[in-house]
1. Suppose every K and R has +1 on its Cβ and every D and E has -1 on its Cβ; what is the size of the dipole of the stretch 54-121 about the Cα centre, in Debye to the nearest 20?
2. Rank these residues by their accessible area, most exposed first, probe 1.4 Å: 78, 40, 3.
3. Run the simple label-point estimate for residue 24 and residue 116 please: 7 Å along Cα→C-beta, distance reported in nm.
4. Considering only 101, 38, 63, whose Cα is most displaced toward the positive end of the charge dipole of the stretch 24-115, charges sitting on Cβ of Lys, Arg (+1) and Asp, Glu (-1)?
5. Between residue 8 and residue 55, 0.36 nm times their residue separation minus their Cα-Cα distance comes to what?
6. How far apart, in nm, are the 7 Å Cα→Cβ label points at residue 35 and residue 69?
Amino acid sequence: SKSLSDEENLKLFGKCNNANGHGHNYKVIVTVRGEIDPVSGMVINLTDLKDYMQEAIMEPLDHKNLDKDVPYFAEVVSTTENVAVFIWENLKKLLPVGTLYKVKVYETEQNIVVYKGEETI
């Protein structure tokens, strides 16, 4: 985080705090919801969903240094939580209104973030 000192970053982020960066092989699961089309039997055509995921996730993030190559992360700390928000926001722009339900991002098998957008109670 640019707003923290080197010591504070080390304490907060531990081994993930590396001046030269570090990488992850994230796994992303997208869940959609809605009415099932009686003809196709699907909520959304899976080929379309794959194309949306390519545009919203793979093109901006795959094989990129998030902090240097993705403008969004110039001012936002590239935690898995913020990666999930980034993916949500990108997909929300592409998917039919109301169909995006959940974005689940695996940083590792043990570190998982689930994001469902801004929910109001």
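1. Magnitude of the dipole: close to 220 debye.
2. The ordering from most to least exposed comes out as 3, 40, 78.
3. It is 2.1 nm.
4. Farthest along the dipole direction, towards plus: 38.
5. 13.4 nm
6. For the pair residue 35/residue 69, the computed spacing is 4.2 nm.
The values are calculated or read from the model by the stated rules, or taken from the named source; none is laboratory data. As the structure is a computational prediction, the values presented were derived from the model and not from experiment. Note that we place each Cβ from the backbone using ideal geometry, even for glycine, and neighbour counts take in every protein chain shown. Just so you know, the surface numbers come from the protein's heavy atoms only, side chains and all, with ligands and any DNA or RNA stripped out. Shrake-Rupley method; radii C 1.70, N 1.55, O 1.52, S 1.80 Å.
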